[in-house]
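First the structure, in the form of C-alpha cells, and then the observations on it.
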Amino acid sequence: MKTRILAPVLSLLLAIIAWEAGVALTGVSKFILPAPSAIGAELVGSIPEFASSAAFTLKITLLALAAALLTGLVLAFLFSLSGTIEAALSPIAVILQVTPIVAVAPLILIWVGIDNVERALVIIAWLAAFFPILATLTSGLKAVDPALADLFRLYKATPWQRFSRLVVPTALPYLFAGLRVGSGLALIGAVVAEFVAGSGEAAGLAWRILEAGNRLQVERLFVGLFWLIALGVGLYYSVGLAERFLLKPQRVDKGALH
Amino acid sequence: MINVDNVRFGYGNEAPVLDGVSLNVAAGEMVALVGPSGCGKSTLLRLVAGLEKPSAGSVTRGAGSETGFVFQSPALLPWEKVRANVALPLELAGKSNDAAVQACLDAAGIGELGGRYPASLSGGQAMRVSIARALVTAPEILLFDEPFAALDEIIRFHLNDLIRNLKVSRKFASLFVTHSLYEAAYLADRILVMGKGRLLGQVVPGIDPALPSKERRAAPELAAAVSAMQGWLEEAVA
C-alpha cells in the first residue's frame, strides 16, 4: 500500500526536478517554458484572484452536473418505463452527444447568453455532462438480475417495493460511474464555454488562462492549468468518496472472500 | 398439494416447450424432475411457481399455500446483509419476525452468518442463505431449480443432506429440478423423467429412509433408480 502512494509522488517529484534542471541548463526562455520554481512563486502570489476564478468555474461545473444528474435521472427513468419513450427521445440525446460543444456554444450564447452569460455557460457544460449520466443510468435501470426479478414477483412485491428495494440499489453503481465521467466532462464543458464566451462577465479559470496567454504570462498559464487539474481531480475523487460511502456494503467484504 | 393437469406451454408460434404434462405432488412428498437440458423441466417449475401462465391446462396449488423457490443462483441482494436477505419475503408482505429469520438461519446451518454481506460468503454458504430465505414464510411448497449445479461435489452432498433433513422437519411438498440422476435418486421419494416437453416415465427409488448419508449413497436401490432413469432417457433419444 505504501508503494502505491510513494511511487507516483516520487515519479512526479523526479519529473519536476528534471524540468527545473532542464530549464536551468538549457536557458530556455521563460516565455516558452518557465521553471517550476517560477510557476510556484506565481501560484502562491496569485491565490486570491485564482481562487475566486476557480470558485466561479466550480460553480458552473457543479450546477451543470446537478442539472445533468436531474435530467439524466428523469429521462433514464422514463426510458425504463416505456420503450416507446426511449425510441422517441434517445436519438435526440445521441445528437446532443455527438455534436461538438464548441460548435454549438456560440448558438447557445446568442440564445440565452446575451443578458446572462452564466446561464449559457451552465447549459453548455450541462450538454457535455448529460449524456454519460443518461447512458449509464439507462443501462443501470435495466441491469436487474432476472432471478431477483423473479423472486420479487414470486413474493408479490408492489411496484414501489421493486423499484426501491431492487431497481434503485442495482442502478446506483451505474449512476456513480456516470457521475465520474460526467463530472470531468462538466468541467471541460465549463472551460470550453468560458473560452467561447471570451471576456465580459465571465471570470472563470478559462478566462484567466486566455488572459495570461494573450499577455504571454506563461507562468500564469501554468497556474491556471494547475487550478483546473486540481478542480478536476478533486471532483473525481469527491464522486469516488461519495460512492465508497454509499456503496460500502457491496465493497467492504469483497477482499475478504474466504 | 401441487396439481398440474394436461399443461401446454409455448412461446408464440414455436413448437411448445411443454405439451400435455400432468403431475401431482402430495403434501410432504419430494418429487424430482430430471431430463436433458432444454426438455422443459425448469419451465414446468416456473409454471408451478406462477411465474409463467400455461397456454392450456391448469396448475393448482393447495389453497392458500405459501410457496418458496430456490433458484439456480443464490439470487441474494448484495447490498443487504444475510439476515435482511432472509427476511426479504416477510418484509415484502409487510411482516417482520426476527425469531423466524434466526430459526431459518439455524435450520440452514448458518446461524452465525446473519451479519455478513453476501460477497463474503462461499458458494455453499450463499446457497444456504437462499434456502433459509425460501423457508422463512414457512412454505407448504418448495421449488428447487437445479440449486446445486454450480457447487463442488462434497458441498453438494452436504446440501443434499440439509434438504433431506429440512424435508422431515419442515414437512413441505417439493419439486426438485436437477440434471444429476444421482442427486435425484438420493433426494426424491419419486422421480419424473422428462424429455422434449413430455413426461417419459416415473422411477421410485424406495431407499430405506433410516439409512445414514454414506450408506444411502451406496445403496443398491440408488444405483437401480439411476439405471432405470438412464433407460428412460436413452429410449427417448433413440
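Worth a mention:
- Beyond 33 Å, the tail of the calculated P(r) for chain A holds 37 percent of the Cα pairs.
- Value at 222 nm in deg cm²/dmol, rounded to 500, when DSSP H runs of n ≥ 4 in the protein assembly as shown each add -39,500 (n - 2.57): -20000 deg cm²/dmol
- Dimensions of region B:26-73 based on its C-alpha atoms, expressed as ranges along the principal axes with the largest first, amount to 32, 26, 21 Å.
- Binning all Cα-Cα separations of the protein assembly as shown at 20 Å, short to long from zero, yields these whole-percent fractions: 18, 37, 25, 17, 4.
- The phi torsions of region A:123-139, fed into the Karplus equation with coefficients 6.51, -1.76 and 1.60 and a -60° offset, translate into couplings of 5, 5, 5, 4, 4, 6, 8, 5, 5, x, 5, 4, 5, 5, 5, 4, 5 Hz, rounded to whole numbers, with Gly and Pro shown as x.
- Solvent accessible area, Å² - A:Arg220, 1.4 Å probe, full protein context: 30 Å²
- Gaussian network model of chain B, springs between alpha carbon atoms under 10 Å - residue of B:Glu146, B:Glu183, B:Glu52 with greatest fluctuation: B:Glu52
- Principal-axis analysis of the Cα atoms of chain B puts helix B:98-107 at an angle of about 60° to the longest axis.
- Here the simple spin-label model places points 7 Å from the Cα toward Cβ, and for B:Ser58 and B:Lys171 these points are separated by 2.7 nm.
- At R0 = 56 Å, FRET efficiency that the Cβ-Cβ distance of B:Asp106 and A:Ser52 yields, to 0.05: 0.30
- Among B:Ala149, B:Ala93, B:Ala107, residue whose mean-square fluctuation peaks in a GNM of chain B (springs only between Cα atoms under 10 Å): B:Ala93
- For region A:198-240 versus region A:40-93, the gap between their alpha-carbon centres in whole angstrom: 18 Å
- P(r), alpha carbons of region B:99-155 - 10 Å bins starting at zero, rounded %: 23, 52, 25, 1
- Solvent-accessible ranking of B:Glu14, B:Glu221, B:Glu215, largest area first, probe 1.4 Å: B:Glu14, B:Glu215, B:Glu221
- Relative to the longest principal axis of the Cα atoms of chain B, the long axis of helix B:220-237 lies at roughly 60 degrees.
- The C-alpha atoms of chain A define a longest principal axis, and helix A:218-246 lies at about 20 degrees to it.
- The alpha-carbon atoms of region B:1-151, seen along their principal axes, cover 48, 32, 26 angstrom, with the largest extent given first.
- Computed over region B:1-149: relative contact order in percent, which uses C-alpha pairs under 8 Å that are six or more apart: 27 percent
- Between A:Leu154, A:Leu70, A:Leu107, the Gaussian network model of chain A with springs among Cα atoms under 10 angstrom shows the greatest mean-square fluctuation at A:Leu154.
- Candidate residues A:Thr170, A:Thr3, A:Thr61, A:Thr158: accessible-area rank, largest first, probe 1.4 Å: A:Thr3, A:Thr158, A:Thr170, A:Thr61
The values are calculated or read from the model by the stated rules, or taken from the named source; none is laboratory data. Because the structure is predicted, anything quoted here is derived from the model rather than measured. Every residue, glycine among them, receives a Cβ derived from its backbone with ideal geometry; neighbour counts consider all protein chains shown. Side chains are part of the model used for accessible areas, which takes the heavy atoms of the whole protein and leaves out ligands, DNA and RNA. Shrake-Rupley method; radii C 1.70, N 1.55, O 1.52, S 1.80 Å.
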